[in-house]
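Trainee: I'd like to ask you about the structure that follows.
Every number in this text was worked out from the coordinates using simple rules, so none of it is lab data. Bear in mind that the values here come from a model prediction, so they are computed numbers and not experimental data. As a convention, Cβ positions derive from the backbone with ideal geometry for all residues, glycine included, and neighbour counts pool all protein chains shown.
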Amino acid sequence: MSNNFQEKVTFIWDLADLLRGAYKRNEYQKVILPFTVLKRFDSVLEYSKKDVLDNYNNYKDTIGNLEPILSRAAVDKDGNELGFYNYSKYDFKSLIQDPDHIEENLMHYLDSFSPNIQDIFENFYIKNHISRLSKANLLFLLIKKFSESRVDLHPEKVSNHEMGTIFEELIRKFSEQSNEEAGEHFTPRDVVKLMTSLIFIENGIHLNDPNLIIKIYDPACGTGGMLTSCENFIREFNTTADVVLYGQEINQEIYAICKADMLIKGEISDNIKGPSSTLSEDQLPNDRFDFMISNPPYGRKWEQDKEAVVKEAENGFEGRFGAGLPRINDGQLLFLEHMLSKMKTEEKSRIAVITNGSPLFTGDAGSGESNIRKWIIENDYLEAIIGLPDQLFYNTGIRTYIWVLTNQKPEERKGKIQLVDASKKYIKMRKSLGNKRHQLSDDDIENILDLYCKFDENDVIKVFDKEDFGYTKVTVERPLQLNFEVTEERLENFYAVNAFSKLAASKSKDPETKLREENEGKQLQDEITQALKRIEKPYQNWDEFEKRVKKALKQFQLSPAFIKNIIMALSEHDDTADYVTNAKGNKKPDGKLRDTEKIPLKEDIEEYFQREVLPYYPDAWMDRKKDKIGYEINFTQYFYQYQPPRPLEEIEADIKKVTAEIQELIKEDLDET
């Protein structure tokens, strides 16, 4: 950035000092950013302002819809339509000439903008801030400061690209200042640079092709930094390509910032959609994209989107969420599904998306998360995952991961998934910004890209077949073996059986009847208990004990289910007891001993069972009707290196050394006293 640019950024940044007292520090951007946008629009409209006013005054009483006429009249010095207009007689210069009515006149000025600009300022809540500034006697002063020559944003002095750079720098500075909030809407530049390089690295040789039309999309675009980074990357290779940026943002003010930034840079601002949730209200339902990049929110509930998302999921792959739905407290995998649904069908699409560790492994086989991973991996969309250092983001210090996905892998990567451990590739920042204490230097980024390109295994690169991440979750049953005995301890279990407790309950509302029925029930309970106590010896066979119980309780006419509850309450597991069987003579499983095994997809299940289970539990069997296929990526596990504990002698020597130092310090203190 040149000194001229930096001077303008610094001057605008310093204007925030005017707001001290009236605004909190983290609110400064809510004023400075929209007023910077307003000043730029005012400067851009200057050239054709007279023509727009003339057209407005000439036709306002005769034509209902003036928008086409005013849009044609609002042009730059080369005659190109600006895409927006303002038909007010006011501008920044005339506003400060009438300080007594500046609030009223500024409101009129805002109401005279074209609808697309009014949409931006409405989402900035600029009118609320105008009233607030006016009450604090700051409005005139702020407009006056913005009118000074040092902040001349006229297009003859500052091009669209230069203005975009200034605005982006202001966004960055304000985002870093409000560390905690920044992470939700602003991804650090070093991370964005790496993600951008990763999605284009396979296509670098093609970016020089003439007449390229490249569509780029971010479904959680925040302030638009990732989209801008992608366009800048392409421009380094090809200045003539038609790069079209698309995005959607849920937060109103952030949406306004992004849309204003796009308009300032000469982009198609109508391609920035919002403010609404991408998950429940996709405002680009029929669009497909060449490249997608995003940093969706981590661990945020998608409860507000639930009704729409669940309804769409019922349509299967006719909608975006056919692969499955994750648990309600984290929507990251929904964004992955959404982005994959936006890939082109006949052409190549590439995606870079950053998540925390949860989408890699959360969810057992058969869960929504596992089914989504299964769909992604089995369709060979996942190309690589790069594990990043911790403490890279403003509002969280956790480890994060970049997923690289595509619908057309290079031949050597087909059926393969690459994991890159870049957790040590960082430099420490001299001054932390919130939780951000680490930074990816240019050398770090180059090293990570080099690791990605090598595709060779070493300590920080692992290459797997896609099936390596899949497993069959098999249910292992062990037979039910019980002994039976009527003891005081086991009778306590019986007393807690719901059916037994209900014997002494009454539903009658009549007090006398209720008391009588309860007493009769307690008497029945006591009679049943006394009858059971007459069973003296222990049993190791269900059928024999069942016959004995039925005989002892014959007079009470109890249901088979009640008898079963009694038998179970008076039982305990016993490996020496007879197997409990069903009517067909098959062993019944013991639910308390039920277990599962995760058997890798590449392994023969029967061989695994013979090798890993039967030597320890010879009477176990598998219930294959309950088989479930699952996928998980336990990233850290693949790079784990065993560190043996320090030798005891070494630890003992350290303890002796520290003890000696402490004794010496104590001695010095005693000598001084």
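Trainee: Dipole of the chain (Lys/Arg Cβ +1, Asp/Glu Cβ -1, origin at the Cα centre): which of L139, A552, S71 lies farthest to the positive side?
Mentor: Ranked along the dipole, the leading option is A552.
Trainee: Using a ≥ b ≥ c from the Cα gyration tensor of the chain (square roots of the eigenvalues), is it rounded, prolate or oblate, where a/c under 1.5 gives rounded and otherwise the larger of a/b and b/c decides, a/b for prolate?
Mentor: Prolate, since a/c reaches 1.5 and a/b exceeds b/c.
Trainee: Taking only Cα atoms, what is the 0 to 90° angle, nearest 10, from helix 189-200's long axis to the longest principal axis of the chain?
Mentor: Helix 189-200 sits roughly 80 degrees off the main axis of the chain.
Trainee: Which of the GluC sites (Glu not before Pro) across segment 470-576 are loop residues per DSSP, with 16 or fewer other Cβ within 10 Å?
Mentor: Listed in order of number, the matching sites are E485, E536.
Trainee: Could you tell me which of rounded, prolate or oblate describes segment 341-409, using a ≥ b ≥ c as the square roots of the eigenvalues of the alpha-carbon gyration tensor, with rounded for a/c under 1.5 and, failing that, prolate when a/b is larger than b/c and oblate otherwise?
Mentor: Because a/c hits 1.5 or more and a/b fails to exceed b/c, segment 341-409 counts as oblate.
Trainee: Right, something else. Identify, among P99, Q663, N251, the residue whose Cα sits farthest towards the positive end of the charge dipole of the chain, taking +1 on the Cβ of Lys and Arg and -1 on the Cβ of Asp and Glu, with the dipole about the Cα centre.
Mentor: About the Cα centre, the residue reaching furthest to the positive side is N251.
Trainee: Loop-only check: which chymotrypsin sites (Phe, Trp or Tyr not before Pro) in segment 381-441 are DSSP coil with at most 14 other Cβ within 10 angstrom?
Mentor: none
Trainee: Run the simple label-point estimate for N57 and L593 please: 7 Å along Cα→C-beta, distance reported in nm.
Mentor: Label at N57, label at L593, 9.7 nm between them.
Trainee: Please state the relative contact order of the chain as a whole percent: Cα pairs under 8 Å, 6+ residues apart?
Mentor: 10 percent
Trainee: Out of residues 5 or more away from R350 or on other chains, whose amide H comes under 5 Å of its own, with H placed 1.01 Å from N in the peptide plane?
Mentor: F291, M292
Trainee: How tilted is helix 332-341 with respect to the longest principal axis of the chain? Cα atoms for both, answer in degrees (0 to 90, nearest 10).
Mentor: For helix 332-341, the angle is close to 60 degrees.
Trainee: Follow-up question, since we're still on this one. Angle check, please: helix 29-45 long axis (alpha carbons) against the longest principal axis of the chain (alpha carbons), in degrees 0 to 90, nearest 10.
Mentor: Between helix and principal axis, roughly 40 degrees.
Trainee: Follow-up question, since we're still on this one. Shape of segment 179-468 from its Cα gyration tensor (a ≥ b ≥ c, root eigenvalues): rounded if a/c is under 1.5, otherwise prolate when a/b > b/c, or oblate?
Mentor: rounded
Trainee: Would you calculate a helix-derived [θ] at 222 nm for the chain, using -39,500 (n - 2.57) for each DSSP H run of n ≥ 4 and dividing by the full residue count, to the nearest 500?
Mentor: Helix contribution divided over all residues of the chain: -13000 deg cm²/dmol.
Trainee: Among F464, A531, T475, whose Cα lies farthest out toward the positive end of the dipole of segment 402-539, if unit charges sit on the beta carbon of Lys, Arg (+1) and Asp, Glu (-1)?
Mentor: Sorting the options by dipole projection puts first F464.
Trainee: Still on this model: Restricting to the chain, compute how many DSSP beta bridges are antiparallel as a %, nearest 5.
Mentor: Approximately 70 percent, going by the DSSP bridge assignments.
Trainee: Once label points are set 7 Å from the Cα along Cα→Cβ at both N329 and S432, what is their separation, rounded to one decimal in nm?
Mentor: 2.5 nm
Trainee: How about segment 628-658: which chymotrypsin sites (Phe, Trp or Tyr not before Pro) there are in a DSSP loop, with at most 13 other Cβ atoms within 10 Å of their Cβ?
Mentor: Y640, Y642
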